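Here's the structure we're looking at; comments come further down.
The values are calculated or read from the model by the stated rules, or taken from the named source; none is laboratory data. Treat the numbers as computed from the prediction; the structure is a model and nothing was measured. So basically every Cβ, Gly included, is an ideal-geometry build from the backbone, and we count neighbours across all protein chains shown. All accessible areas refer to the heavy atoms of the entire protein, side chains included, with ligands and DNA or RNA removed. Shrake-Rupley method; radii C 1.70, N 1.55, O 1.52, S 1.80 Å.
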Amino acid sequence: MKYILLACHLSLLVLAGCMDVKAVAPDPACGDYLINQEGEECDSWDTGSHTCQTLGFHDGVLACTATCTLDFSDCERFGSCGDGIVQTGAGEECDEADLHEASCLSLGYHGGTLACTADCHYDVASCEDFGTCGDGIVQEDFEECDLDGFAPGFDTCGAQGYYGGTVACMANCRADLSNCRTSGTCGDGMIQSAAGEECDTNNLGDASCHGLGFYAGHLACADCGFDTSDCINPVSIASGTTHTCAVLDDGSAWCWGRGSEGQLGNDQTSEEEYNEYSPVQVQVPAGVMFTQIAAGTNHTCALDSLHRAWCWGLDFGMLGTNSPQPGVIPVPVAVAMPAGRQFAKLSLGLFHACALDTTGAVWCWGYNTAGQLGLGDLVERGVAQPTQAATSIGEPVVDLDCGLVHTCAVTATGGLYCWGADNSGQIALDPEDVLFQDCNYWPFEEFDGTIIPGPCMPVPSLISGIGYARRVSGGGMLLSSSESGGMSSDLVVRSHTCAITTADLAGGTNDDFVVCFGANDSGQLGNGTQDATSVPQLVQMPFNIATFDTVTTGFQHSCVTGRGVGWCWGLNLFGQLANGRADNLATTPTMVQKPLGVNLSTISAGFAHNCALSEGRVWCWGFGMDGEVGMGSSDIVPTLVEVRIPE
């Protein structure tokens, strides 16, 4: 029993000692590995239930500081939503104001304002108001199609300008036209003739301005149809003695044939023979557009769009510049125009020129030894600028033409007047009865001693008994004594005149006839004889033809046009009649043989050649040894050949 009590006492003592230890232990402290909920966030390695992820960070190891507060430094290395920095690797699309360079447009929407949610994902609510490709709704301002829907104008190939095929919709909401393209469209460079295309972009096929009936120019393509705005046509043709010139509707001028005296206007001359066998361009002054041209023996003149005259070639006053040069000027120079006057027509002779102004007045310049200027006397003024002439006519003139050394004019009432040389009866006066018998047709006697004597009349003389005149033309040529039958003079003049007249001036052109007078050694008067006469002769037109548009006279031949047909008569030694015959002459008119479909609107006669205009074409024939027929070589051409300018 004693031992039991002792043991019990000891046990109680021990228990009491244990209770005393707990009661007297020190207070909890940071670092005891236990989290004191009253002040510690962590203790040593114990962070409680917290991790970087539970605290909003994307990764890292959460630690505890020596003061038992959480250490986020490793967490912060990986960032968190709301730090303003986009951590795309952690799944963030955005972070507060940082949208990572994204926008509604970059996300495939058609508009709107992109925002960022609190969990760092895009807020596309505003974007969705504008739609997106693939939503099945066609936003026409942005999409051509969407799934099975198409915007107007994209639903068929035809709406896109293609000629067939089926439209599909691509993933980017653009119309897939690949199937349409197999059927072609205007602009693909291929000519779809079946679809009505004439051309496509720069593909003109074999077409050209010339092939479309124009004379020349640059053919273009617009909306797959031919654009002919730069195609050009001839508007005026003039045959000189041995050269020819034409004006095109773009204002340019081209000449060919003899050019030794600068009459081609291309700034070329030669003391020896100089010919151009194909057209060369006249050096028209900058800003000037020619509209009409006239050719003489050794000089040429043209009118521009302002009705001013320009001349070039052999001068000595014939160029009308008021500052004559004893030589040649091979480029166009301005004629000294009368104040307040505009010219409507020009004509050139051997050493003189005349113009008709828009009021019907006549102006002439050059040499006057035979009274060809119509100034009323034979005073040789060497008139170097236009001077009003033929004033005694007393009424407006509507047409005029210079022969070799004479001039004729037609008035508004149908009167026909002529003046100047009359040795062949070319002004319809009997040469023996003309008042002045000792005129000198050659103006350079003081230089070379040459005299070409003959009668002349310096005053316009009205020609009667011919009805009413509408058009007139004077021809002629200088001949050496050996060619004229051994006359005492070294040179002689042979000239004739032809006119279109009518019995009823107001009755149109259905009752026309042609009269001629003067030299007739080759039948150029067309009256069936070879007898010269100063009495107007009725040209014996076949088939009662009574409609004529133009008349022209050369050296020993004459031509008229009417209703697209040409008729010529006289000398045919060089094929200048183009009548398909081998005869050297024809004393009555013969039809010009022309290519099928060609309608001749006008013929201009030179010494022994002719050139003519038709729709978009220039034709020449006859004597071409100096290049005047423009065929590219020297030859005699008895049939019409087309004259082309360089492309």
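Summary of values
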{"read-out": "Filtered residues of segment 531-546 (kept if under 11 Å from Phe517 (Cβ atoms), open to solvent by 20 Å² or more (accessible area, probe 1.4 Å) and among the hydrophobic types (A, V, I, L, M, F, W, C))", "value": "Ala532, Val535, Leu538"}
{"read-out": "Within segment 254-287, tally of residues that are in contact (Cβ under 8 Å) with a residue 40 or more places away in the chain and out of contact with any Ser or Thr (no Cβ under 8 Å at 6 or more places or on another chain)", "value": "9"}
{"read-out": "Conditions (1) hydroxyl-bearing (Ser, Thr, Tyr); (2) under 29 Å from Thr553 (Cα atoms); (3) in contact with a Cys (Cβ under 9 Å, 6 or more places away or on another chain); number of the one not met by Thr228", "value": "(2)"}
{"read-out": "Number of the condition not met by Val410 [criteria: (1) open to solvent by 20 Å² or more (accessible area, probe 1.4 Å); (2) touching a Leu at 6+ places or on another chain (Cβ under 9 Å)]", "value": "(1)"}
{"read-out": "Residue that is surrounded by the fewest Cβ atoms within 10 Å (Cβ to Cβ) [pool: residues in segment 358-371 that are in a loop (DSSP other than H, G, I, E, B) and in contact with a Cys (Cβ under 7 Å, 6 or more places away or on another chain)]", "value": "Thr369"}
{"read-out": "Criterion (open to solvent by 20 Å² or more (accessible area, probe 1.4 Å), part of a loop (DSSP other than H, G, I, E, B) and within 27 Å of Gly259 (Cβ to Cβ)) met by exactly one of Leu600, Leu573", "value": "Leu573"}
{"read-out": "Qualifying residue in segment 153-164 (condition: within 25 Å of Asp141 (Cα to Cα) and loosely packed, with under 14 Cβ neighbours inside 10 Å)", "value": "yes"}
{"read-out": "Residues of segment 116-129 that turn out to be open to solvent by 40 Å² or more (accessible area, probe 1.4 Å) and within 29 Å of Leu55 (Cβ to Cβ), as a count", "value": "6"}
{"read-out": "Boolean, Gly374 is at pLDDT 95 or above, in a loop (DSSP other than H, G, I, E, B) and open to solvent by 10 Å² or more (accessible area, probe 1.4 Å)", "value": "no"}
{"read-out": "Single match in Asp549, Asp583, Asp626 (criterion: on the phi < 0 side of the Ramachandran plot and surrounded by fewer than 16 Cβ atoms within 10 Å (Cβ to Cβ))", "value": "Asp583"}
{"read-out": "Filtered residue count, segment 294-324, keeping only those that are in contact with a Gly (Cβ under 9 Å, 6 or more places away or on another chain), part of a loop (DSSP other than H, G, I, E, B), farther than 17 Å from Asn266 by Cα and not hydrophobic (A, V, I, L, M, F, W, C)", "value": "4"}
{"read-out": "Single residue of segment 56-68 satisfying the filter (of a type outside the set (Ser, Thr, Tyr) and without any contact (Cβ under 8 Å) to a residue 24 or more places away in the chain) that is nearest to Asp119 (Cα to Cα)", "value": "Phe57"}
{"read-out": "Candidate set from segment 270-279 (those that are under 15 Å from Gly313 (Cβ atoms) and either touching a helix residue (DSSP H, G or I) at 6+ places or on another chain (Cβ under 9 Å) or assigned to a strand (DSSP E or B) (or both)); member that is least open to solvent (accessible area, probe 1.4 Å)", "value": "Asn275"}
{"read-out": "Residues of segment 461-512 satisfying the condition of being farther than 22 Å from Ser558 by Cα, modelled with pLDDT of 90 or more and within 45 Å of the chain's Cα centre (by Cα)", "value": "none"}
{"read-out": "Filtered residues of segment 636-647 (kept if of a type in the set (Asp, Glu) and open to solvent by less than 70 Å² (accessible area, probe 1.4 Å))", "value": "Glu642"}
{"read-out": "The one condition in (1) out of contact with any Leu (no Cβ under 6 Å at 6 or more places or on another chain); (2) touching a residue at least 40 places away in the same chain (Cβ under 8 Å); (3) crowded, with 22+ Cβ neighbours inside 10 Å that Pro234 fails to fulfil", "value": "(1)"}
{"read-out": "Answer residue from segment 237-264, given it is closer than 19 Å to Gly554 by Cα and among the hydrophobic types (A, V, I, L, M, F, W, C) and is surrounded by the fewest Cβ atoms within 10 Å (Cβ to Cβ) among those", "value": "Ile237"}
{"read-out": "Residue check for Glu93: open to solvent by 40 Å² or more (accessible area, probe 1.4 Å) and part of a loop (DSSP other than H, G, I, E, B)", "value": "yes"}
{"read-out": "Residues (under 11 Å from Asn179 (Cα atoms) and of a type in the set (S, T, N, Q)) located in segment 157-167", "value": "Thr166"}
{"read-out": "Answer residue from segment 117-155, given it is β-branched (Val, Ile, Thr) and assigned to a loop (DSSP other than H, G, I, E, B) and is farthest from Gly56 (Cα to Cα) among those", "value": "Val138"}
{"read-out": "Check on Ala336, at pLDDT 95 or above, of a type outside the set (S, T, N, Q), out of contact with any helix residue (DSSP H, G or I) (no Cβ under 8 Å at 6 or more places or on another chain) and in a loop (DSSP other than H, G, I, E, B)", "value": "yes"}
{"read-out": "Among (1) in a strand (DSSP E or B); (2) more than 21 Å from Cys354 (Cα to Cα); (3) of a type in the set (S, T, N, Q); (4) touching an Asp or Glu at 6+ places or on another chain (Cβ under 9 Å) - the single one Thr291 does not satisfy", "value": "(2)"}
{"read-out": "Selected residue [more than 17 Å from Gly606 (Cα to Cα), among the acidic types (Asp, Glu) and open to solvent by 10 Å² or more (accessible area, probe 1.4 Å)] from Asp315, Asp304, Asp267", "value": "Asp267"}
{"read-out": "Any chance Cys68 is open to solvent by less than 40 Å² (accessible area, probe 1.4 Å) and not in a loop (DSSP other than H, G, I, E, B)", "value": "no"}
{"read-out": "Pairs where the first residue, in segment 534-562, is touching a residue at least 24 places away in the same chain (Cβ under 8 Å) and β-branched (Val, Ile, Thr) and the second is open to solvent by less than 10 Å² (accessible area, probe 1.4 Å) and part of a helix (DSSP H, G or I), C-beta under 7 Å, 6+ apart", "value": "none"}
{"read-out": "Matching residues in segment 34-53 - criterion: being at pLDDT 90 or above and either open to solvent by 60 Å² or more (accessible area, probe 1.4 Å) or among the β-branched types (Val, Ile, Thr) (or both)", "value": "Thr51"}
